[in-house]
Amino acid sequence: MKRNLISAAMALTLFAGGVLVGQQSKTHVVGQPHTVIHFVSLKFRSGVSDAEREKAIAGIKTMATQIPGIKNIWLKTIRVQPQDFNAVFAIEFVNQDAADDYRDHPAHAAWEKQYISIRDNSLSGQATN
């Protein structure tokens, strides 16, 4: 009898655990971090080589290592809007102050000087919660 009771308790515990896991998998939680995302769409001048484009994008990674407050970067373009643009990148800052400091940081100015001559246009924005 005691053995049956223990087996039943274990079975009930496993069942309840399975129900809880099942409920959690049905709920999709969306986070709203308070970091700042800076996103840019780039259009390179016609005639700019793939190597020059890649160097400009790689320069973002180098720049990011030199500027405090940058949390993450995204450099691989999947889809671009507007469609006649060539590249997209995003930078995540720990807060608004870090995003503001980026704008005037010497490493950002150096990167911008490098790529401005091959840029035809760019569109940028920032978002947070």
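Below are the figures for this structure:
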| item | result |
| --- | --- |
| Those residues of the range 58-106 which are exposed (fewer than 11 other Cβ atoms within 10 Å of the Cβ) and within 16 Å of the chain's Cα centre (by Cα), in sequence order | THR65, LYS76, ILE78, ARG79 |
| Long-range neighbours under 6 Å by Cβ, at least six apart or interchain, first residue farther than 16 Å from ASN86 by Cα within the range 43-67, second part of a helix (DSSP H, G or I) and among the hydroxyl-bearing types (Ser, Thr, Tyr) | ILE67/TYR102 |
| Every residue from the range 32-57 that is in a helix (DSSP H, G or I) and under 17 Å from the mean Cα position of the chain (by Cα) | ILE57 |
| Complete set of residues in the range 67-107 that are in a helix (DSSP H, G or I) and under 18 Å from VAL36 (Cα atoms) | GLN96, ASP97, ALA98, ALA99, ASP100, ASP101, TYR102, ARG103, ASP104 |
| Pair list, Cβ < 9 Å and 6+ apart or interchain, from the range 80-104 residues that are closer than 28 Å to GLY47 by Cα to residues that are of a type in the set (Lys, Arg) and not in a strand (DSSP E or B) | ASN86/ARG53; ALA87/ARG53; VAL88/LYS76; VAL88/ARG79; PHE89/LYS76 |
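Each value in this text was obtained by applying a stated rule to the coordinates, not by laboratory testing. What you are looking at is a predicted structure, and each value in this text was computed from that prediction instead of being measured. Quick reminder, even Gly has a Cβ in these numbers, built from the backbone with ideal geometry, and neighbours come from all protein chains shown.
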